[in-house]
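Heads up: the structure comes next, in structure tokens.
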Amino acid sequence: MAVKKKSRRVLPVLAVLGLVATSGYLTLELRQQEDDGVTEIRNVGVLNGMKGTTGASADKGAEGWTRLENPARSVLRGGDGQVKAVLTDGAQTAKLTGPARTFAEPASTGSKVSTTDWVRLMPEEWSEGAEKEKWFKEWYAEYADSKEDDIFSFAFQYVQGAPDVKDDKGLVVAGDANFGPLNVGGKDEDGDLRLEQSDFYDYLGKPYPFRDGKTGTPESMRARSLDCSGYIRMVLGYRGRYPLMSSDRSGDGLPRTANGMARSKLGADVLPLKGITPADRPTAIDQLQAGDLVFFKLDTRTADRLDHMGIVVGHDTEGHLIFISSREEINGPTIGDVGGVSRLDGNGYYAKTLRSAKRL
């Protein structure tokens, strides 16, 4: 249901936090800031548009809150001036600063993303002044220094070679994912090698009861498969516990398709959708930060629909802004370079087809 054209195959194994992958290709490493192995750490996003401060003072040794614009957000800084949290009005995703991690996929890309960003879902949408509320104080106290799996941990548990992860009932909820089943007879006249419409419950192979009373029924041929929007629904919805719609029109929460999510009123529009033509490509990508959803127009066969999406991971060690998504040619989630580099800057395939971004 989310059309994805150019793709690439992720060959590395990602050991996310407590999970140590058996292959040495794809690595995720937790490191201390002073570890010599991390040569560069850049927090995703540029905190621009400063308009003043609220809350505690920014005196040395004291934490302080700052309000920024475009999009409207609250930034918590430590006594040393370093960013500890970025919380955006209307969004539930919070960007917290934690131990450094490196995401790499040497089999399909030379990019390495070394970052201290941890992206987590808060129990409520953020609004100005919420730092004073009980729910936030309790949530932040629990997760400020936590190494518990976050959105990126979940995201990289589906790349090629990633080991299976089971829940407490023995259900496999993560592990190497396909994009979708092969078309019968191979590549069709429209160029689609693999079928779309594989949602999270197809991957799980288990019916899922949605809150609107409808039930998602898995197809056996789609087992262990996630198309681009199905991948986002798995990571942020099923694993991250963000509510899920049964379709683009029924229920509340994340719609089924990339187009439905991009055009929904959920979260904060970091790069508002202006249109789907090349002239509508956004230019202010410095406003993007780790965890943002990015939306693309790849397929010329669909007149007015956005047809691919992914999640911003961060800047690689060469300064390029990288995203992860599930793609047809690579047959699954990847930050690789098959069919087009995973960069949002420059004039590559995905950079030129970017149309909007949302902070959920």
Fill in: Of all residues in segment 292-333 being surrounded by fewer than 24 Cβ atoms within 10 Å (Cβ to Cβ) and of a type in the set (Ser, Thr, Tyr), the one that is farthest from Leu236 (Cα to Cα)
Thr300
Worksheet item: Which condition breaks for Gly180 when tested against (1) out of contact with any strand residue (DSSP E or B) (no Cβ under 7 Å at 6 or more places or on another chain); (2) in a loop (DSSP other than H, G, I, E, B)?
Response: (1)
Worksheet item: Can you pull out the residues in segment 272-287 that are more than 16 Å from the chain's Cα centre (by Cα) and in a helix (DSSP H, G or I)?
Response: Pro278, Ala279, Asp280, Asp286
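Can you pull out every residue in segment 128-145 that is aliphatic (A, V, I, L, M) and in contact (Cβ under 8 Å) with a residue 24 or more places away in the chain? I'd like the intermediate steps shown before the answer.
So the first thing to find is which residues in segment 128-145 are aliphatic (A, V, I, L, M), and the list is 130, 141, 144.
If the condition is that a residue be aliphatic (A, V, I, L, M) and in contact (Cβ under 8 Å) with a residue 24 or more places away in the chain, then Ala130, Ala144 are the ones that fit.
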Practice prompt. Inspect all residues belonging to segment 60-81 and state whether any of them is surrounded by 18 or more Cβ atoms within 10 Å (Cβ to Cβ), more than 27 Å from Gly253 (Cβ to Cβ) and of a type in the set (Asp, Glu).
Written response: no
Practice prompt. Would you check which residues across segment 247-271 are over 25 Å from Thr88 (Cα atoms) and either among the hydroxyl-bearing types (Ser, Thr, Tyr) or outside any loop (DSSP other than H, G, I, E, B) (or both) and list them?
Written response: Ser247, Ser250
Worksheet entry | The one condition in (1) closer than 22 Å to Met309 by Cα; (2) without any contact (Cβ under 8 Å) to a residue 60 or more places away in the chain that Ile151 fails to fulfil | (2)
Practice prompt. Out of the residues in segment 226-269 that are of a type in the set (A, V, I, L, M, F, W, C) and within 12 Å of Asp212 (Cα to Cα), state the one that is surrounded by the most Cβ atoms within 10 Å (Cβ to Cβ).
Written response: Leu244
Discussion item. Criterion first (under 25 Å from Ser111 (Cβ atoms) and surrounded by fewer than 16 Cβ atoms within 10 Å (Cβ to Cβ)) does Glu219 satisfy it?
Written reply: no
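Just to be sure before I move on: is Asp168 surrounded by fewer than 23 Cβ atoms within 10 Å (Cβ to Cβ), charged (D, E, K, R) and without any contact (Cβ under 8 Å) to a residue 40 or more places away in the chain in the structure I sent? Show your work before the answer.
Numbers: surrounded by fewer than 23 Cβ atoms within 10 Å (Cβ to Cβ): yes; charged (D, E, K, R): yes; without any contact (Cβ under 8 Å) to a residue 40 or more places away in the chain: yes.
In short, yes.
From the list Thr66, Thr116, which residue is modelled with pLDDT of 50 or more and under 19 Å from Asp292 (Cβ atoms)?
Working: Thr66 fails: under 19 Å from Asp292 (Cβ atoms).
From the options Thr66, Thr116, the qualifying one is Thr116.
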Worksheet item: How many residues are over 17 Å from Gly310 (Cβ atoms), assigned to a loop (DSSP other than H, G, I, E, B) and touching a residue at least 24 places away in the same chain (Cβ under 8 Å) when one looks only at segment 196-246?
Response: 11
Response to the item:
Apart from one, (1) among the β-branched types (Val, Ile, Thr); (2) under 20 Å from Gly180 (Cα atoms); (3) touching a Phe, Trp or Tyr at 6+ places or on another chain (Cβ under 9 Å) all hold for Thr302; the odd one out is (3)
Worksheet item: Do we find that Glu128 is acidic (Asp, Glu) and touching a Pro at 6+ places or on another chain (Cβ under 7 Å) in this structure?
Response: no
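The values are calculated or read from the model by the stated rules, or taken from the named source; none is laboratory data. Every value quoted in this text rests on a predicted model; they were computed, and no experiment measured them. FYI the Cβ positions are ideal-geometry reconstructions off the backbone, even for glycines, and counts take in every protein chain you see.
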